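Please see the structure below; I have some questions.
The values are calculated or read from the model by the stated rules, or taken from the named source; none is laboratory data. Computed from a prediction, not measured in an experiment: that's the story for all the values here. A quick note on method: Cβ atoms are made from the backbone with ideal geometry, for glycine too, and the neighbour counts reach across all protein chains shown.
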Amino acid sequence: MEHEQAVATRRFSIGENTFNARSIQSGLYIVSTPIGNLGDITVRALETLAACDFVACEDTRVTGVLMQRFGLKTPLMTYHEHNAAKQRPKILEALEAGKAIALVSDAGTPLISDPGYRLVNDVVEAGHSVFPIPGASALLTGLVGAGLPSDTVLFAGFLSQKAGARQKRLEEAKDIPATLIFYESPHRLSATLEDMARILGPERPGVVARELTKKFEEFQRAPLQDLVERYSGDRPKGEIVILIGPPAEKEPDAADADRLLLEALQTMPVSAAAKTVSKATGLERKTLYARAMELKDGASNEDAGDDG
């Protein structure tokens, strides 16, 4: 009862208007915050931040700007990769006592290339509730503005600072049929783009998205080699999202078709095998049917020869 009365008096402001936050149940609230433009905060996020007993954040100075802008008075505590082992037990104790706690990152959605995974895992294992409060994300903001295919994506976060490890990761992702998304810092952008152009292909479409939602928001869309030249020796300001279009689809050749037909013929008749491979490759069904008959007859003749 005391907890609910305390929460009911907490407030937040939007412009000149002040609102009372409704009481919320105990649990960990994963609250997304703006990635640049503070106007992107959601009303639900503000109400949650106001209603919680305290807010766990990476940097109290950064989160303090947001809190001040919207008249939020909820106490702050730091939670980042360097003090997580010390702070995590405190958060679990507070949840055990019936408190409501918000987790935020410096910008965007927590846990997306930010600390928090272990905390959420421990909270769940301890039997407490976790509530995601969705909102801004550089990952999604960059994707919807890039003009690249968005039906299948691979988010790989930050690549390694070490050239060898970075290049190995790019080799692993080279043939994945998806739009690739990476975060990168300004001082590594040039070297990273050079590795991408060399390993993924100079003509592969790429986008460098910078200063998203801010005044100088920028999308540079071009083949990777052109982006290398654009940023060669340059160190732009702001956080960066690099997006790379999926690799060009390889035209199936005769060997591919034969392999697929032989696999299909092991479990289905010729007509069905030709239909299945036609859908998979885009090759003409009649041609595939004729080839399937040849492969089947050839296999039958080999079996007959073996018996002789």
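So, in the stretch 213-245, exactly how many residues are touching a Phe, Trp or Tyr at 6+ places or on another chain (Cβ under 9 Å), surrounded by 14 or more Cβ atoms within 10 Å (Cβ to Cβ) and either touching a residue at least 40 places away in the same chain (Cβ under 8 Å) or more than 14 Å from residue 186 (Cβ to Cβ) (or both)? Full working, then the answer.
First, the residues of the stretch 213-245 that are touching a Phe, Trp or Tyr at 6+ places or on another chain (Cβ under 9 Å): 220, 237-244.
Those left that are additionally surrounded by 14 or more Cβ atoms within 10 Å (Cβ to Cβ): 220, 238-244.
The next check asks that each one be either touching a residue at least 40 places away in the same chain (Cβ under 8 Å) or more than 14 Å from residue 186 (Cβ to Cβ) (or both); those that pass are 238-244.
Residues flagged as touching a Phe, Trp or Tyr at 6+ places or on another chain (Cβ under 9 Å), surrounded by 14 or more Cβ atoms within 10 Å (Cβ to Cβ) and either touching a residue at least 40 places away in the same chain (Cβ under 8 Å) or more than 14 Å from residue 186 (Cβ to Cβ) (or both) within the stretch 213-245 amount to 7.
Results for (1) among the β-branched types (Val, Ile, Thr); (2) within 21 Å of the chain's Cα centre (by Cα), shown as yes or no for each residue.
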| position | (1), (2) |
| --- | --- |
| 223 | no, no |
| 230 | no, no |
| 235 | no, no |
| 239 | no, yes |
| 242 | yes, yes |
| 245 | no, yes |
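Looking for whichever is touching a residue at least 60 places away in the same chain (Cβ under 8 Å) and either under 29 Å from residue 83 (Cβ atoms) or not assigned by TED's automatic domain parsing to the domain that holds residue 74 (or both) here; the options are 157, 127, 108. Which one fits? Explain how you work it out, then say what you get.
Working: 157 fails: touching a residue at least 60 places away in the same chain (Cβ under 8 Å); 127 fails: touching a residue at least 60 places away in the same chain (Cβ under 8 Å).
Unique residue meeting the criteria: 108.
Quick check on this structure: which one of 260, 227 is touching a Gly at 6+ places or on another chain (Cβ under 9 Å), assigned to a helix (DSSP H, G or I) and aliphatic (A, V, I, L, M)? Give the derivation first.
Numbers: 260 fails: touching a Gly at 6+ places or on another chain (Cβ under 9 Å).
Every option except 227 fails the conditions.
Residue check, residue 175 against (1) surrounded by 13 or more Cβ atoms within 10 Å (Cβ to Cβ); (2) touching a residue at least 60 places away in the same chain (Cβ under 8 Å); (3) more than 16 Å from the chain's Cα centre (by Cα), all met but one. Which one?
Exception for residue 175: condition (1).
For residues in the stretch 53-95 being within 18 Å of residue 38 (Cα to Cα) and of a type in the set (A, V, I, L, M), which is farthest from the chain's Cα centre (by Cα)?
The qualifying residue farthest from the chain's Cα centre (by Cα) is 72.
I'd like the residue in the stretch 138-172 that is of a type in the set (S, T, N, Q) and over 17 Å from the mean Cα position of the chain (by Cα) and, out of all such residues, is farthest from residue 236 (Cα to Cα). Can you show your working first?
If we filter the stretch 138-172 for residues that are of a type in the set (S, T, N, Q), which is where we start, we get 141, 150, 152, 160-161, 167.
Filter again for over 17 Å from the mean Cα position of the chain (by Cα), leaving 161, 167.
On the way: 161: 18, 167: 22 Å.
Selected residue: 167.
What residue, among those in the stretch 48-57 that are buried (at least 22 other Cβ atoms within 10 Å of the Cβ) and in contact with a strand residue (DSSP E or B) (Cβ under 6 Å, 6 or more places away or on another chain), is farthest from residue 211 (Cα to Cα)?
Narrowing the stretch 48-57 to residues buried (at least 22 other Cβ atoms within 10 Å of the Cβ): 48-52, 55-57.
Of the ones still in play, those that are also in contact with a strand residue (DSSP E or B) (Cβ under 6 Å, 6 or more places away or on another chain) are 48-50, 52, 55-57.
Numbers: 48: 27, 49: 25, 50: 28, 52: 30, 55: 26, 56: 25, 57: 22 Å.
Looking at residues that are buried (at least 22 other Cβ atoms within 10 Å of the Cβ) and in contact with a strand residue (DSSP E or B) (Cβ under 6 Å, 6 or more places away or on another chain), I get 52.
Separate question: Would you please list the contacts, defined by Cβ atoms under 9 Å and residues six or more apart or on different chains, that run from a residue in the stretch 182-193 that is within 20 Å of residue 114 (Cα to Cα) to a residue that is among the small types (Gly, Ala, Ser)?
What qualifies is 182/156; 182/157; 183/113; 183/138; 183/156; 183/157; 186/238.
If I filter the stretch 10-47 down to residues being over 25 Å from residue 92 (Cβ atoms) and polar (S, T, N, Q), which single residue comes out as surrounded by the fewest Cβ atoms within 10 Å (Cβ to Cβ)?
The extreme case among them is 17.
Could you please give the count of residues in the stretch 21-39 that are under 21 Å from residue 58 (Cα atoms) and either touching a helix residue (DSSP H, G or I) at 6+ places or on another chain (Cβ under 6 Å) or in a strand (DSSP E or B) (or both)? Before you say what the answer is, go through the steps one by one.
Here is the first cut: in the stretch 21-39, the ones under 21 Å from residue 58 (Cα atoms) are 27-39.
Subset that is either touching a helix residue (DSSP H, G or I) at 6+ places or on another chain (Cβ under 6 Å) or in a strand (DSSP E or B) (or both): 27-31, 33-35, 38.
Total satisfying the criteria: 9.
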